[in-house]
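Worksheet: one structure, shown below.
The values are calculated or read from the model by the stated rules, or taken from the named source; none is laboratory data. Just so we're clear, the structure is a prediction, and the values are computed from it rather than from any experiment. Cβ coordinates were reconstructed from backbone atoms using ideal geometry, including for glycine residues, and neighbour counts include every protein chain displayed. Ligands, DNA and RNA are stripped out before the accessible areas are found, and what is left, the full protein with its side chains, is counted by its heavy atoms. Shrake-Rupley method; radii C 1.70, N 1.55, O 1.52, S 1.80 Å.
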Amino acid sequence: IRRILSLAELRQDDIVLEVGSGICTLTVALLPEVSKVVAIEADRDLPTVLGETCAQDSEKLFLISGDALKVTPQEIESVGGTFPNKFVSNLPYQVAATIILEVLANMPEIERLVVMVQAEEADRRIKAGELTGPLAGVPMAIKDNMCTEGLLTTCSSRILSNFVPTFSSEAVLNLQKN
């Protein structure tokens, strides 16, 4: 957890988005370091746990109960009062890439993203032969400043808000090969 906090380069004025708070280990560590944590948690039983575990800094914790893939940036903004500027999470492997891509595509306010990925599912799929190659089990997301054929590429710029490249950058092509 200390390594994640260090990599996140947290400041007292940061607003952090956390997906999958779980038993709150990361949440408890984040709260004293930032002004707000907007946590999205799918498990409907965990708000009680979060409330008890995070009671000391409860005024800084804003909880959204639901599926992170269905929560809109506007919902996140309305709960936290503004858009988060950092994304710090411990994500399940099977949804990590999708959530990271959604955050990068829809929340240009995010200045820094630090994600730990739970490896159990990747390990199971590698053992079963479902994942192969040198990057097997390594979740990755391509920030939308790398041209990817057919995908919206905004570079977090309103000027490029509707730009869809007809080609992929060399970096993207190399990642797709592996």
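Overall, the chain carries a charge dipole of about 420 debye about its Cα centre when +1 sits on the Cβ of Lys and Arg and -1 on the Cβ of Asp and Glu, all other atoms neutral.
As an exercise, identify the GluC sites (Glu not before Pro) in the range 1-90 lying in DSSP coil whose Cβ has no more than 16 other Cβ atoms within 10 Å.
Details: sites: GLU9, GLU18, GLU33, GLU41, GLU52, GLU59, GLU75, GLU77; in loops: GLU9.
Listed in order of number, the matching sites are GLU9.
Of ILE126, ILE23, GLN94, whose Cα points farthest to the positive end of the dipole of the chain (charges on the beta-carbon: +1 Lys, Arg; -1 Asp, Glu; origin at the Cα centre)? It is ILE126.
So what's the back-of-envelope 222 nm ellipticity for the chain, counting only DSSP H runs of four-plus at -39500 (n - 2.57) apiece and dividing by all residues, rounded to 500? Before the final figure, lay out each step's value.
Working: 7 runs with 59 residues, N = 178.
About -9000 deg cm²/dmol.
Which residues make up the longest stretch of the chain that has no chymotrypsin sites (Phe, Trp or Tyr not before Pro) in a DSSP loop with at most 15 other Cβ atoms within 10 Å? Please list the in-between numbers first.
Details: sites that count: PHE163, PHE167.
It runs 1-162.
Label-to-label distance for LEU101 and GLN118 is 2.1 nm, based on points extended 7 Å past Cα in the beta-carbon direction.
Pulled fully out, how much extra length does the chain show between ARG11 and GLU77, if you take 0.36 nm times their separation in residues and subtract their Cα-Cα distance? If you can, show how the numbers build up before the last one.
Numbers: separation 66, 0.36 × 66 = 23.76 nm, distance 1.92 nm.
Separation in residues times 0.36 nm, less the Cα-Cα distance, equals 21.8 nm.
Taking a 1.4 Å probe, which of LEU152, LEU5, LEU63 shows the most accessible area, and what order do the others take after it?
On the way: LEU152 95, LEU5 35, LEU63 60 Å².
The residues order as LEU152, LEU63, LEU5, largest area first.
Using only Cα positions of the chain, each an equal point scatterer, no hydration layer, compute I(q)/I(0) via Debye at q = 0.10, 0.11, 0.20 Å⁻¹ and quote the log10 values to two decimals. For the chain, the Cα-only Debye profile gives -0.43, -0.52, -1.37. When you work out D = kT/(6 pi eta Rh) for the range 20-121 at 37 °C and 0.692 mPa s, using the Kirkwood radius from C-alpha pairs as Rh and the Stokes-Einstein form, the result is 237 µm²/s. How big is the gap, in Å, between the Cα center of the range 88-108 and the Cα center of the range 1-29? Their Cα centres are 15 Å away from one another. Between ASP43 and ARG158, the FRET efficiency from the beta-carbon distance, with R0 = 25 Å, is close to 0.10.
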